[in-house]
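*Asks:* Have a look at this one before I ask anything.
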Number of protein chains: 2
Amino acid sequence: GTAPAVVGAQPALRWRLASSFPKSLDTIYGAAEVFSRRVAAMSGGRFQISVHPGGELMPPLAVLDGVQGGTVEIGHTAPYYYFGKDETFAIGCTIPFGLNSRQMSAWMIDGQGLKLMRAFYAQYKVINFPGGNTGVQMGGWYRREIKGLADMKGLKFRIGGFAGRVVERMGVVPQNLPGGQVYQALEKGTLDAAEWVGPYDDLKLGLHKVAPIYHYPGWWEGGPQLDFFINTEAWAKLPADYQAMVETAAMQAHVNMQAAYDARNPAAFRELVRQKARPVAFPRAVLDAAYQHAMALYDEIGQRNPNWRTVYADYAAFRREQNLWFRFTEARYDSYMQGLRL
Amino acid sequence: GTAPAVVGAQPALRWRLASSFPKSLDTIYGAAEVFSRRVAAMSGGRFQISVHPGGELMPPLAVLDGVQGGTVEIGHTAPYYYFGKDETFAIGCTIPFGLNSRQMSAWMIDGQGLKLMRAFYAQYKVINFPGGNTGVQMGGWYRREIKGLADMKGLKFRIGGFAGRVVERMGVVPQNLPGGQVYQALEKGTLDAAEWVGPYDDLKLGLHKVAPIYHYPGWWEGGPQLDFFINTEAWAKLPADYQAMVETAAMQAHVNMQAAYDARNPAAFRELVRQKARPVAFPRAVLDAAYQHAMALYDEIGQRNPNWRTVYADYAAFRREQNLWFRFTEARYDSYMQGLRL
């Protein structure tokens with residue numbers, strides 16, 4: 001460090017942050033930039049965290065390994081990418097029919113969520129800080145409308161990670177395809193459907209031009225939370241004031257990302273519809289079948305995975321209470337407002 | 001300050017924060033404490049902000065004056081308390097049929113909200129930072145059920161501030177009574193109804209014992225935002241790193257407060273129902289009449305108040321877009337989840 005060692009002076013420090021995301025997802029990638037700028041501003045420029053897009057320092061899905069192994073001090077990622085190591089990672093992000101955005105923040109911040117997830121992540125030498133949420137995502141782009149359960153059978157569907165474990169029980173054939181190849185595959189028909197995020201990101205990808213049916217809701221991503229993952233040794237070495245800055249700056253990023261999606265989705269949605277995208281609700285029968293499969297899957301995982309069992313028990317109880325409460329004044333107000341010609 | 005003027009050392013600084021709230025509203029008062037602790041932790045204890053409950057340094061509703069006049073550097077308050085000075089204050093907090101909690105944060109942070117409100121507050125020598133939200137409040141406690149518009153006529157209703165301007169057009173007689181006198185007035189029948197916040201705070205007040213009908217939604221408080229108000233001269237004197245800490249710590253308080261209400265309301269709601277509170281939705285006709293009166297009022301204010309006209313034009317356009325979008329994937333997901341027997 002270059003600062004003089006006087007009382008009140010903080011050490012100069014440089015960290016590298018590996019994001020799992022490309023710069024083109026500006027609201028998500030941008031959350032890490034918000035975080036980094038905030039830490040720099042609060043430390044008077046002495047704590048600098050450089051932000052690196054997915055693939056620059058390591059593959060996007062290797063961010064957990066990179067943090068755990070100390071290649072970087074910090075990552076910004078979606079915990080459910082790592083469900084192959086342990087399904088419990090998915091609960092820290094989102095699972096089908098999980099908490100919505102506000103409920104997830106409530107569970108994390110005022111419930112047992114952060115405590116339970118941190119106890120789990122500690123096994124990977126990681127401490128996490130909530131780092132953004134997208135809100136309920138859309139259900140993706142389909143060449144043909146899903147009119148019932150039969151239409152799910154054999155559907156070649158590009159769908160991320162953990163949700164594939166549910167949809168394959170409905171006869172869907174989950175596909176794992178790099179983002180850049182999805183458009184062509186939909187155009188050729190080697191893919192029947194693909195999900196991405198929501199209007200703001202989807203408009204940029206342009207999938208509506210080749211698969212115009214826009215199903216909703218994205219029941220497998222009701223409130224996905226991103227996280228900052230910090231190596232526990234790097235964290236322990238931080239002075240207490242820098243720790244407080246990191247924690248607080250992460251919260252700013254957390255809020256800014258949700259605000260950005262909420263503020264920008266409406267105009268993008270409108271533009272998609274103008275360009276002939278056709279929003280269609282999933283049939284109730286599809287949601288019901290998916291819900292049954294999801295609950296069966298969670299039971300099965302719980303029987304063999306004690307980490308899941310511990311975390312999911314609390315999560316599920318919290319979800320039940322939240323939805324019992326939210327159906328009253330929150331839902332009634334929103335539905336009244338949404339029914340108005342404002 | 002007592003700190004030596006060397007590079008890297010921050011000045012020791014003490015501020016006083018006047019809250020408009022009593023300690024008994026622990027989620028709200030607590031938000032100011034979260035803020036203060038966070039600033040202290042990030043500054044290594046050098047920037048101390050003492051938090052004073054409503055009435056200790058000045059009356060609860062004099063916080064704006066106290067900040068404007070420099071009696072304190074900072075306050076934590078509900079902007080709509082000051083609608084008597086200018087109705088535009090209410091927009092920075094909540095107005096009947098306004099934005100919900102997520103929408104309000106989106107407008108503030110990623111829309112034009114913060115920019116527009118700051119331009120307005122600057123006339124009062126104040127800069128604001130979002131400092132919490134309660135979510136949609138309940139519609140309060142009633143001795144007798146409101147079954148239609150006729151039941152609103154002559155209703156002696158304890159209801160705060162700006163909302164009174166709408167309900168009086170429906171024949172309600174708004175009452176302004178200190179919190180401590182509400183229970184007795186309801187018991188005696190000198191008051192017919194009273195609104196407070198939501199289950200978590202309402203349970204403590206115990207009004208359900210004397211007025212058991214619990215109407216919802218609280219259409220006049222769909223997402224009230226509290227603010228930290230800072231004297232613009234005090235703000236300008238802050239070093240840039242302290243400014244960044246204040247801004248970021250406020251955001252932590254903002255999130256924590258909503259999370260606290262969301263996490264704690266369900267159990268309180270359940271307990272209220274166990275104690276014979278009876279949740280009843282407002283009749284549609286009451287909401288419709290209130291909505292028409294509110295829109296007429298906003299038109300009238302806009303014709304004579306240029307501040308309102310400027311801010312409300314943007315706010316109303318944002319609200320329209322938000323509700324057009326939220327009715328799709330967000331509403332469909334929530335309503336599906338709320339309909340499940342989880």
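The values are calculated or read from the model by the stated rules, or taken from the named source; none is laboratory data. Keep in mind the model is a prediction, meaning the values are calculated, not measured. Here the Cβ is made from the backbone with ideal geometry for all residues, glycine too, and neighbour counts use every protein chain on show. Remember, those area values only see protein heavy atoms, side chains included, never the ligands or the DNA or RNA. Shrake-Rupley method; radii C 1.70, N 1.55, O 1.52, S 1.80 Å.
*Asks:* Of everything in the range B:251-283, what is farther than 22 Å from A:Ala259 by Cβ, in contact with a helix residue (DSSP H, G or I) (Cβ under 8 Å, 6 or more places away or on another chain) and charged (D, E, K, R)? Give them in sequence order.
*Replies:* Across the range B:251-283, the qualifying residues are B:Arg264, B:Arg270, B:Glu271, B:Lys276.
*Asks:* What residue, of B:Val126, B:Val136, is among the β-branched types (Val, Ile, Thr) and away from every other protein chain (no Cβ under 14 Å)?
*Replies:* Exactly one residue qualifies, and that residue is B:Val126.
*Asks:* Going through the range A:194-250 one residue at a time, which ones are more than 12 Å from chain B (Cβ to nearest Cβ), in contact with a helix residue (DSSP H, G or I) (Cβ under 6 Å, 6 or more places away or on another chain), closer than 30 Å to A:Arg274 by Cα and surrounded by fewer than 24 Cβ atoms within 10 Å (Cβ to Cβ)?
*Replies:* A:Trp196, A:Leu203, A:His208, A:Val210, A:Ala211
*Asks:* All but one of (1) away from chain A (no Cβ under 14 Å); (2) open to solvent by 50 Å² or more (accessible area, probe 1.4 Å); (3) under 30 Å from B:Tyr291 (Cα atoms); (4) in contact (Cβ under 8 Å) with a residue 12 or more places away in the chain hold for B:Ile91; state the number of the condition that does not hold.
*Replies:* Among (1) away from chain A (no Cβ under 14 Å); (2) open to solvent by 50 Å² or more (accessible area, probe 1.4 Å); (3) under 30 Å from B:Tyr291 (Cα atoms); (4) in contact (Cβ under 8 Å) with a residue 12 or more places away in the chain, B:Ile91 violates only (2).
*Asks:* Another question, if that's okay. Are there strands (runs of 3 or more DSSP E) fully within the range B:166-265 with at least 3 residues that are more than 27 Å from B:Tyr124 (Cβ to Cβ) and touching a strand residue (DSSP E or B) at 6+ places or on another chain (Cβ under 7 Å)? List them.
*Replies:* Filter on the range B:166-265 gives B:213-216.
*Asks:* If you don't mind, there's one more thing I want to ask. How many residues does the range B:25-45 contain that are among the charged types (D, E, K, R), under 17 Å from A:Ala244 (Cβ atoms), out of contact with any strand residue (DSSP E or B) (no Cβ under 6 Å at 6 or more places or on another chain) and free of Cβ contacts under 8 Å to residues at least 60 places away in the same chain?
*Replies:* Going through the range B:25-45 one residue at a time, the tally reaches 1.
*Asks:* Of the numbered conditions (1) within 8 Å of chain A (Cβ to nearest Cβ); (2) farther than 17 Å from A:Glu330 by Cα; (3) crowded, with 16+ Cβ neighbours inside 10 Å, B:Arg320 satisfies every one except a single condition; which is it?
*Replies:* Only one criterion is unmet by B:Arg320, namely (3).
*Asks:* Could you say which residue among B:Gly135, B:Gly161 is touching a residue at least 40 places away in the same chain (Cβ under 8 Å), surrounded by fewer than 21 Cβ atoms within 10 Å (Cβ to Cβ) and at positive phi?
*Replies:* Exactly one residue qualifies, and that residue is B:Gly161.
*Asks:* Against the conditions (1) more than 14 Å from every other protein chain (Cβ to nearest Cβ); (2) modelled with pLDDT of 95 or more; (3) closer than 22 Å to A:Glu330 by Cα; (4) open to solvent by 20 Å² or more (accessible area, probe 1.4 Å), where does B:Glu271 fall short? Just the number, please.
*Replies:* Against the list (1) more than 14 Å from every other protein chain (Cβ to nearest Cβ); (2) modelled with pLDDT of 95 or more; (3) closer than 22 Å to A:Glu330 by Cα; (4) open to solvent by 20 Å² or more (accessible area, probe 1.4 Å), B:Glu271 comes up short only on (1).
*Asks:* Please verify whether A:Tyr312 is within 14 Å of chain B (Cβ to nearest Cβ), part of a helix (DSSP H, G or I), farther than 30 Å from B:Phe97 by Cα and not basic (Lys, Arg), treating the condition exactly as stated.
*Replies:* yes
*Asks:* Examine the range B:288-305 for a residue that is surrounded by 18 or more Cβ atoms within 10 Å (Cβ to Cβ), at the interface with chain A (Cβ under 9 Å from one of its Cβ atoms) and not small (Gly, Ala, Ser), and state whether such a residue exists.
*Replies:* yes
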